[in-house]
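Derivation of every value follows stated rules applied to the coordinates shown; laboratory data play no part. Treat the numbers as computed from the prediction; the structure is a model and nothing was measured. In this analysis, Cβ positions are derived from the backbone assuming ideal geometry, glycine residues included, and neighbour counts consider all displayed protein chains.
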């Protein structure tokens with residue numbers, strides 16, 4: 001395993017490289033399943049480090065560093081895609097250091113550029129100390145995290161793999177630079193879609209009795225959902241009811257054929273997420289029957305909900321807290337869970353592991369705008385801590401393997 005002083009030295013040695021990679025990836029800013037230039041950069045870096053990789057369907061990659069010695073099978077994961085949204089030339093305070101090459105169309109507004117850079121920095125350090133390591137280290141480069149395009153392909157490819165420990169980082173704009181959280185338990189919410197279309201019968205606005213108005217049906221559905229949630233969701237749990245749009249018709253004198261309701265539900269308990277989807281469907285079906293409408297559910301309304309909440313493993317989360325505190329005692333904190341969702345939840349259903357939240361909020365630099373926001377920016381001073389935490393987690397898992 002890599003010792004503490006080696007980890008400190010390698011983290012410092014990777015500083016300029018990680019920043020360079022973050023800026024390169026930020027400029028590329030490719031959306032899900034279109035990360036071809038991004039993948040080419042990653043492949044070039046992996047070749048330089050002597051780490052073999054496999055291209056998966058779409059634009060995802062799986063790489064693996066095999067030490068040839070007995071030890072744990074550890075998996076690192078990073079996401080690759082940007083968002084289809086414009087990028088402001090400024091962050092919250094000043095001009096940003098680097099911009100997307102297509103700032104009117106795409107930007108890294110969630111920190112995936114930083115995730116890739118830290119992962120590549122850790123890979124380079126690991127390859128330089130391969131002789132000191134044990135076991136195998138797999139590395140997932142996931143395409144299309146934002147649109148759910150990559151994780152199923154990756155999970156299918158790795159269906160027979162038995163990782164002993166999983167690790168991922170997500171930068172968090174709500175947490176100050178210099179802090180991180182690897183606490184056991186729920187870290188990010190599970191999510192299920194609200195995607196319901198009510199089909200009625202269109203007609204002239206002057207004779208609603210000759211039509212079947214799906215707009216009233218949709219409005220009634222929202223009220224019924226609110227009542228059902230208040231009375232059926234466990235009072236000790238939280239499931240958010242985030243309705244974002246109700247759309248039916250475009251003019252004042254035409255009753256439309258259809259009305260569409262969309263949004264999402266977020267939860268930290270799997271069973272309550274499953275219950276919320278059941279409520280969504282039952283309420284929609286009964287409301288439709290009341291109004292003589294029919295109902296159709298979108299593909300995001302999954303049986304059983306998902307992705308699941310991101311829940312850090314009790315043993316590995318505790319190990320990560322204790323190990324990282326050896327090198328950065330002031331950095332480790334217990335932060336409140338984040339209501340955003342992450343495909344890491346799917347991986348942690350299959351393998352035990354940890355998602356690390358890494359703070360990037362620095363008011364002096366203007367970083368700290370919410371994720372998926374045109375002013376979002378990353379404090380590059382935070383990235384060293386992410387590399388250090390990754391290397392120390394791997395060292396701690398190797399040291400404690402079999403104990």
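Beta bridges per DSSP, both residues in segment 190-297: antiparallel share near 100 percent.
A straight chain from residue 160 to residue 57 at 0.36 nm per residue would run longer than the Cα-Cα distance by 35.3 nm. Express as a percent, rounded to the nearest 5, the fraction of DSSP beta bridges in the chain (both residues included) that run antiparallel. So the antiparallel bridges amount to about 65 percent of the total. Label-to-label distance, residue 292 versus residue 363, with points set 7 angstrom from Cα along the beta-carbon direction: 6.1 nm.
Suppose a student asked you for the relative contact order of segment 76-211, using Cα pairs under 8 Å spaced at least 6 residues apart; what percent would you report? If you can, show how the numbers build up before the last one.
Numbers: 115 pairs, mean separation 38.5, N = 136.
Taking the mean separation of contacting Cα pairs over the length of segment 76-211, I get 28 percent.
Over what distance in Å are the Cα centres of segment 134-152 and segment 1-30 separated? So the separation of the two Cα centres works out to 19 Å.
The list (1) 79, 47, 39; (2) 92, 51, 41; (3) 65, 54, 33 gives values of Cα extents along the principal axes in Å, and only one came from this structure; which label was calculated from it? Computed from the coordinates, Cα extents along the principal axes in Å corresponds to (1).
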